Amino acid sequence: MMFLLLKNANVFAPAPMGINDILICNDKIIAIAPDLVVSVPGEIKTIDLGGKLTVPGFIDGHAHLIGGGGEGGFATRTPEVAIGNLIEAGITSICGLLGTDAATRHIASLYAKTKALRTEGISAWFFTGGYRVPSPTLTGNIGDDVTFLDACIGLKTAISDHRSSQSTVEELARIASQSRIGGMTSGKAGSVVVHLGDGDGHFDPLIGVIENTEIPIAQFIPTHVNRKRALLDAAKDWAKRGGNIDFTTGIDAEPDPAGSVKTSTGIAECLADGVPLDRISMTSDGNGSLPDFDAQGNMIGLTVAGFDTIPREFADLVEREKLDITTALAPITLNPARMLGLDGFKGQLKTGFDADILVLDDALAPDTVIARGKPAMISKERLIKGTFEA
């Protein structure tokens, strides 16, 4: 057994707990208490956190692990994710998916990349499917992918976008049902991530599903809700009906009032307008493309989404929007854990939960990262001061 003792942590679990020590055995938290006196068989490694803010590792539920893009030709394909970029952003759990391109990107490759990230030391899952309907799968069936592939957590699809398959309400309901049943069979959430595009239909296809079938509204995780003002307004109504909404942290505000809304601004606005906090998450869309299209649907520009936008938007929620730390943490800890069916072991600093722990510096940027009980990044300050002891 391997033991790791974190001393003098200012714990937000995400509720504030004050200064505590955290004892980890292998990949689990086994004790959180002030001034722990530890007597265990074997070696104990110790890190003195010096009163730094200590929170659950961030959960990023939407990333292009094997790259995305391709809307402007083969040269616009984006690269695979490097684990170092995730750790530096404080991300200890991640979910991958496909985007527009299901011709040169494949579910088999996504599954392999997910397993590779697990081997490299973080927790990873993926969504089968993509923009295309019928959905690309590995087994030939959405429900079987979710049921039999351990790392498959649900389905990805797209609506209200010129790049989507223009699915009918009936088609959308059918594939969502397959993911839901696969999740029920295998003890997973079977969640359906829904890419929302610029189309004027907004949430209309999803509203058609929940109003004409028995599929519950919480089965869906509509994402990119801050891509334009009208879509965010529609997202508020959806969330007030009990639906989840997901902000993309790489989307920034534009001068046009009808344009995109910065994530921290949008979340604060939603809370002020009465949207329940537990309906809101934020994700990076990391290593996906951020294309810009003209009125005729021609791509006129493209950038690649990063992962550092997650800690940046968290810091802005606290420093610019003046939300308390517990509230600001919810969209990247508690809430995605629930939406993805991971809330029995992820999203909190709690005895028996996975030891995914993020230490933040005074600017609320990642300082030290513990992923599945092992130090994945330790700040130079802690190493220089000799506070990492074997």
Checklist entry - When the helix-only estimate is applied to the chain (DSSP H runs of n ≥ 4, each -39,500 (n - 2.57), divided by the residue count), what is the mean residue ellipticity at 222 nm, nearest 500 deg cm²/dmol? => result -7500 deg cm²/dmol
Next on the checklist: If I build a Gaussian network model for the chain, linking alpha-carbon pairs within less than 10 angstrom, which residue out of Arg241, Arg372, Arg227 has the largest mean-square fluctuation?
Outcome noted: Arg241
Checklist entry - Given the stretch 1-137, what count of lysine pairs have C-alpha atoms under 30 Å apart, with each pair 8 or more places apart or on different chains? => result 8
Checklist entry - Taking the Cβ of Gly344 as the center, what net charge do the other residues with Cβ under 14 Å away carry, scoring Lys and Arg +1 and Asp and Glu -1? => result +2
Item to check | the stretch 48-96 - accessible surface per residue (Å², probe 1.4 Å) | outcome: 28 Å²
Item to check | Over the stretch 64-176, equivalent-ellipsoid semi-axes from the Cα gyration tensor in Å | outcome: 24, 18, 12
Checklist outcome for this item: Neighbours of Arg372 by Cβ distance under 10 Å: Lys/Arg at +1, Asp/Glu at -1, summed charge 0
Checklist entry - Which whole-Hz ³J(HN,Hα) couplings does the stretch 334-351 yield from phi under the Karplus relation 6.51 cos²θ - 1.76 cosθ + 1.60, θ = phi - 60°, glycine and proline marked x? => result 4, 5, x, 4, 5, 4, 9, x, 10, 6, x, 8, 10, x, 9, 8, 7, 4
Checklist outcome for this item: Checking rank on 115-125, 182-192, with mean other Cβ inside 10 Å and highest first, the result is 182-192, 115-125
Item to check | Whole-Hz ³J(HN,Hα) from phi, Karplus 6.51 cos²θ - 1.76 cosθ + 1.60, for the stretch 271-288, glycine and proline x | outcome: 5, 5, 8, x, 6, x, 4, 6, 8, 10, 10, 9, 9, 8, 6, x, 6, x
Checklist outcome for this item: Probe 1.4 Å, heavy atoms of protein chains only: per residue, the accessible area of the stretch 98-166 in Å² is 35 Å²
Checklist entry - Can you give the Rg to Rh ratio of the chain, both from alpha-carbon atoms, with Rh computed by the Kirkwood formula? => result 0.97
Checklist outcome for this item: Counting Lys and Arg as +1 and Asp and Glu as -1 over every other residue whose Cβ sits under 11 Å from the Cβ of His62, the net charge comes to -2
Checklist outcome for this item: Full extension between Glu120 and Lys322 adds, at 0.36 nm per residue less the Cα distance, a length in nm of 69.1 nm
Checklist outcome for this item: Residue by residue through the stretch 49-60, the couplings from Karplus 6.51 cos²θ - 1.76 cosθ + 1.60 with θ = phi - 60°, in Hz, x for Gly and Pro, are 8, x, x, 5, 4, 10, 9, x, x, 6, 10, 10
Item to check | Stokes-Einstein D (µm²/s) once Rh is taken as the Kirkwood radius of the stretch 137-183 over alpha-carbon pairs, at 10 °C in 1.306 mPa s | outcome: 142 µm²/s
Checklist entry - Ignoring ligands, DNA and RNA, what percent of the 1.4 Å accessible area of the chain is carbon and sulfur? => result 53 percent
Checklist outcome for this item: Quick tally, 1.4 Å probe accessible area for Asp204, Asp161, sorted with the most first, runs Asp204, Asp161
Checklist entry - Taking Lys236 as the anchor, which lysines have their alpha carbon closer than 26 Å to its alpha carbon, excluding any fewer than eight residues away along the same chain? => result Lys156, Lys228, Lys262, Lys322
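The values are calculated or read from the model by the stated rules, or taken from the named source; none is laboratory data. Not measured: the values here are computed from a predicted model. Cβ coordinates were reconstructed from backbone atoms using ideal geometry, including for glycine residues, and neighbour counts include every protein chain displayed. Protein only, heavy atoms only, side chains kept; ligands, DNA and RNA dropped before computing areas. Shrake-Rupley method; radii C 1.70, N 1.55, O 1.52, S 1.80 Å.
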